[in-house]
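For reference, the structure discussed in these notes is given below.
The values are calculated or read from the model by the stated rules, or taken from the named source; none is laboratory data. Since we're looking at a predicted model, the values are computed, not measured. Reconstructed Cβ throughout: ideal geometry from the backbone, glycine too, with neighbour counts over all protein chains shown. What goes into the accessible areas is simple: the full protein's heavy atoms, side chains included, and nothing from ligands, DNA or RNA. Shrake-Rupley method; radii C 1.70, N 1.55, O 1.52, S 1.80 Å.
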Amino acid sequence: MPVQHSKALLHAFYADALRNGRSTGEELRAPVPARFLALLGSLPAGTPGLALDLGYGAGAYTIALAEAGFTVVAVDQAPAEPLLQRLSEYEDLAERVTVVESLIEQYPIEEDFGVLVAKDVLHYLSQHDVEALLTRAVQSSRSVNLHYLEVFTAISRTDVHGVQIHIEGEALYTPESFSHVLERIYEGWDVTMRWDDHTEQDTRSRRTYFKAARATVIAARRCPAPVGTAAMSGRETA
């Protein structure tokens, strides 16, 4: 029977890692991938200059968005101090970023964000909260918009004894169920989705403690979608 870990324990783990600069399996301070920077560099005219980073962590995507010229709202329950310290090291970036310490599922998405990022965070929410959050984001998108999501599905976590671990209330999507969610929510958007196998290992024992199928989702609205537009074109699978 799987062991369930509380979200409070998870929050304490990441808060400690961020405050003390400790490494995690996700490599929180790793630079953003080149494909994301290429996306920012190819955004069409008319993209609003406001961006939303859901789950800012150590701030890599927040900083990349600000460096690209966006005014950024960064939301996470993680402590703000490490991100604010990083921002202070960049000339003029801090004034472009508003940091909000909040559960991301409780953030009221009401503005027309040109870019929305949610990396390695949505799987911690319940399926209801994931779908409500993305639905709010789509409903608030009124012009030319880009959503960039990296989401773990088919998650397998084990402790040192090989016992399965679940996080309290997490989504537990399969690739198929998550794909269906995107089809429904992003109706009329141009959506591409790439899959890759993700593993994390203990640096000392080399034991694999985390495995998942990770979806990298790029959802683009080129203009306000007319009613009845067919869902999801241009899907890519790997």
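Listing for the model above:
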| quantity | calculated |
| --- | --- |
| For HIS166, residues with placed amide H under 5 Å, excluding near neighbours | VAL3, GLN4, HIS5 |
| Label-point gap, in nm, between HIS11 and CYS223 - each point 7 angstrom along Cα→Cβ | 4.5 |
| Within the accessible area of the chain (1.4 Å probe), percent carbon and sulfur | 51 |
| Beta bridges by DSSP in the chain, antiparallel share as percent, to the nearest 5 | 55 |
| GLN164/ASP92 FRET efficiency (R0 41 Å; Cβ-Cβ; nearest 0.05) | 0.30 |
| Amide H contacts under 5 Å for LEU125, placed H, 5+ residues apart | ALA171 |
| Separation between Cα centres of the range 43-108 and the range 130-159, rounded to whole Å | 17 |
| Residues THR208 and LEU103, FRET efficiency given R0 of 41 Å [Cβ-Cβ distance, rounded to 0.05] | 0.85 |
| For the range 173-185, 3J(HN,Hα) per residue [Karplus equation, 6.51 cos²θ - 1.76 cosθ + 1.60, θ = phi - 60°, Hz, x = Gly/Pro] | 6, 8, x, 5, 5, 5, 4, 5, 4, 5, 4, 6, 6 |
| Relative contact order [Cα under 8 Å, 6+ residues apart], the range 107-188, whole percent | 38 |
| Rounded to whole Hz, the Karplus (6.51, -1.76, 1.60) HN-Hα couplings of the range 32-45, x for glycine and proline | 5, x, 4, 5, 6, 4, 5, 4, 4, x, 10, 5, x, 4 |
| Hydrodynamic radius by Kirkwood, which averages 1/r over all alpha carbon pairs of the chain, in angstrom | 18.5 |
| Selection from THR98, ILE109, HIS123, by position along the positive dipole direction of the range 92-171 (Cβ) | HIS123 |
| Magnitude of the charge dipole, the chain, Cβ model with Lys/Arg +1 and Asp/Glu -1, debye to 20 | 480 |
